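The values are calculated or read from the model by the stated rules, or taken from the named source; none is laboratory data. On a predicted model such as this, the values are computed, not experimentally measured, just so you know. When we count neighbours, we look across all protein chains shown, and the Cβ atoms used for this are built from the backbone with ideal geometry, even at glycine. These area figures cover heavy atoms from the full protein model, side chains too; ligands, DNA and RNA do not enter into them. Shrake-Rupley method; radii C 1.70, N 1.55, O 1.52, S 1.80 Å.
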Amino acid sequence: MSKLLKVAISALSLISTVALPQVAKAAVSCETNTASNHLNGSLSSCILSFDANIGLNNNFFACQKNKYISFDEKGQFESCTLARDLQIRNGNKVTNCLADGTVNVSVSSSGIQSVSCSRIATR
């Protein structure tokens, strides 16, 4: 593979998404040849080259390198494997999600955000 092509793939793998009104910002770097796209051309998923911090409203998701991250067709963050433990705040409710668990985010058509984790700390 030519050096120019490698640089182009690397540049294309670096994306920046902004989703309104959820105010999500993400910059991710994908491993070469791991990106898949939705039919509209937006990134669907890839394997992260580096840990990525995704901010969505009052929640920040530390996504783990060498694991998949996914986005919906509008470029909004959907899921990843957590790099470290995380407290998810949803109104007055706090959920403790554990590192190496998967976090899933969905937004209803009315704009209500829902967050769930596959590994949850119990008390």
Exercise for the section: Go through the stretch 79-100 and give me each residue that's in contact with a strand residue (DSSP E or B) (Cβ under 7 Å, 6 or more places away or on another chain) and either crowded, with 17+ Cβ neighbours inside 10 Å or among the polar types (S, T, N, Q) (or both). Expected result: Ser79, Cys80, Thr81, Leu82, Ala83, Leu86, Gln87, Ile88, Asn90, Thr95, Asn96, Cys97
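Picking from Ile112, Ile54, which residue would you name as being open to solvent by less than 50 Å² (accessible area, probe 1.4 Å) and of a type in the set (A, V, I, L, M)?
Ile54
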Handout entry: Which numbered condition Ile47 misses (of (1) part of a strand (DSSP E or B); (2) farther than 17 Å from Val115 by Cα; (3) touching a residue at least 40 places away in the same chain (Cβ under 8 Å); (4) not small (Gly, Ala, Ser))
Key = (3)
Practice task
Could you grab the pairs with beta carbons closer than 7 Å, sequence gap of 6+ or different chains, first residue in the stretch 57-77 and under 18 Å from Ser118 (Cβ atoms), second one in a loop (DSSP other than H, G, I, E, B) and modelled with pLDDT of 90 or more?
Solution key: Ala62/Asp51; Ala62/Ala83; Ala62/Arg84; Cys63/Asp51; Cys63/Ala83; Gln64/Asp51; Gln64/Ala83
